[in-house]
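What follows is calculated from the coordinates using simple rules that are stated; it is not laboratory data. In this text, all values refer to a predicted model and were calculated from it rather than measured experimentally. Here the Cβ is made from the backbone with ideal geometry for all residues, glycine too, and neighbour counts use every protein chain on show.
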Amino acid sequence: LNKGLSFFIYIFKVKSKLLFMKIKSLLLPVFLLINIIAFAQIQKGAVMVGGNISYSTNKSESIDSKSHSFNISPGAGIAVKDNLILGVDILYGSSLDQGQLTRRETNGFGAGVFMRKYAVIAKNFYLFGQGRIGTSFYNEEHKSGNIVQEFKTTYINLSAYPGVAYSITPKLMLEAGF
């Protein structure tokens, strides 16, 4: 920064005022762009709260079956550095598949930790990458006629995905992950 400032002062002293005005008019957009990018970052200490919720239902009259599922996974994180968030999430899921002679009911829960890195691509637009590791536990009950089977399953999840985000307001972002 000092070399740049010295160079700028040198040009001011040696060259004419007209040249100074040209340099100033060329540098002004650069300084404005740097200023916009500096303020568009997700600042250290910022808190992120979000999650997913889904519900689906299907019905097939040809085979006389129906299914329902519900999932919710709230999460929260904190920016430990500019544009870098560490967080935790929990999840709950439930589903029911029912046919003429069969019924399968599943309930599960889990938790995980994630890291998300944002990159500013334009004013209010970001790309992000998120990595997550977690675990989940499911109980299933299968009924077929008079036969009932129960299963307990444990999963360890490792995932990574990219996404885009748009800052609607300084405190609200709209995101899509892929």
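Counting C-alpha atoms alone, how compact is segment 37-178: give Rg to one decimal and Dmax as a whole number, in angstrom.
Radius of gyration, then largest Cα-Cα span, for segment 37-178: 19.7, 66 Å.
Given the alpha-carbon gyration tensor of segment 91-160, what are the semi-axes of its equivalent ellipsoid in whole angstrom, ordered largest first, with each equal to the square root of 5 times an eigenvalue?
Values: eigenvalues 305, 41, 10 Å².
Gyration-tensor ellipsoid for segment 91-160: 39, 14, 7 Å.
Search the structure for amide H atoms under 5 Å from the amide H of Asp82, placed 1.01 Å from N in the peptide plane, and list their residues when 5 or more places away or on another chain.
Lys44
Return the FRET efficiency for the residue pair Thr153, Leu127: r is the Cβ-Cβ distance, R0 is 30 Å, and the value is rounded to the nearest 0.05. Don't jump to the answer; show the numbers that get you there.
On the way: r = 35 Å, r/R0 = 1.16.
That pair, Thr153 with Leu127, gives E of 0.30.
For Gln43 and Gln100, compute 0.36 nm times the residue count separating them, minus their Cα-Cα distance, and round to one decimal in nm.
Working: separation 57, 0.36 × 57 = 20.52 nm, distance 5.58 nm.
Gain on extension, Gln43 to Gln100, equals 14.9 nm.
Grab the beta carbon distance between Asn146 and Tyr92, set R0 = 22 Å, and tell me the FRET efficiency rounded to 0.05. Let's see the in-between values first.
Numbers: r = 30 Å, r/R0 = 1.38.
The pair Asn146/Tyr92 has a calculated efficiency of 0.10.
Add +1 for every Lys or Arg and -1 for every Asp or Glu among the other residues with Cβ under 14 Å from the Cβ of Asp64, and state the total.
Values: positive: Lys59, Lys66, Arg103; negative: Glu61, Asp97.
Local net charge: +1.
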